[in-house]
Amino acid sequence: MFWQAAWIGIAIAAPVGPIGLLCISRTLRGGPRLGLATGLGAASADGLFALSGAWGSGFAMQLAGALARPLGWAACLLLAWLGIATLRRPAAEGRDDAERHLGKAYLSALLLTLGNPMTILSFAAVAAALSGGLRLDAARQLEIVAGVFCGSAMWWLLLSYGGGALLLRLGPRGRRGLDFACGLVLLGFAIGLALRMAGRGQ
């Protein structure tokens, strides 16, 4: 069950989204450690989602319904702030300066991932599939959570250190251009999320 959950963690983390763009942008600006801190924040949120799913799909759906609007708007504001901050700071900062932002990078990615309650439903379906509809004991729940976290963390490790090493070869102009593009796309994600949240409120 651990390895099944690990593959699920990789599959959920791998699609390019706001966290992937943040990881790329921060790797370009501050090096792979800053990118990895971002990814580990997302992996921690994935582990929490997996835990809620392992407790029971009914609980996860209730939690998603209760938190959907406040978390969605919070994620929208955070995405907009991150996009604007990225556009205003396209130049790469020094590695020493980046070391001071590891905690902030982790926390922002954690909050941004938690702002997507639909992920709770995904993990609820995952837990139901892995358990075969049976109530899981504490050991099995821990196995699922650990597997999802490790799988997600492995993806972010590969992206920040493996992919980051390739991205850093782009040169200063290429890195600035890619960083600027990441900022624009982050703003696009924020606008899209705001439109969806406004549509739900009508």
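We did not get these values from a lab; they are worked out from the coordinates using the rules stated. These figures come from a predicted structure and were not determined experimentally. So basically every Cβ, Gly included, is an ideal-geometry build from the backbone, and we count neighbours across all protein chains shown.
Rounded to the nearest Hz, the phi-derived 3J(HN,Hα) couplings of region 172-180 under the Karplus curve 6.51 cos²θ - 1.76 cosθ + 1.60 (θ = phi - 60°) are x, 5, x, 5, 5, x, 5, 5, 5, where x marks glycine and proline. Once the Cβ-Cβ distance of Arg100 and Ala165 is raised to the sixth power relative to R0 = 25 Å, the FRET efficiency obtained is 0.65. 3J(HN,Hα) along region 42-48, derived from phi through the Karplus expression 6.51 cos²θ - 1.76 cosθ + 1.60 where θ = phi - 60°, amounts to 5, 5, 5, 5, 4, x, 5 Hz, with x in place of Gly and Pro.
Cβ-Cβ distance of Trp81 and Trp7, R₀ of 41 Å, FRET efficiency by 1/(1 + (r/R0)^6): the value works out to about 0.80. Note on Leu195 and Ala14: with the Förster distance fixed at 25 Å, the Cβ-Cβ geometry gives a FRET efficiency of about 0.45.
The Cβ shell under 15 Å around Gly41 holds other residues with a net charge of +2, Lys and Arg each +1, Asp and Glu each -1.
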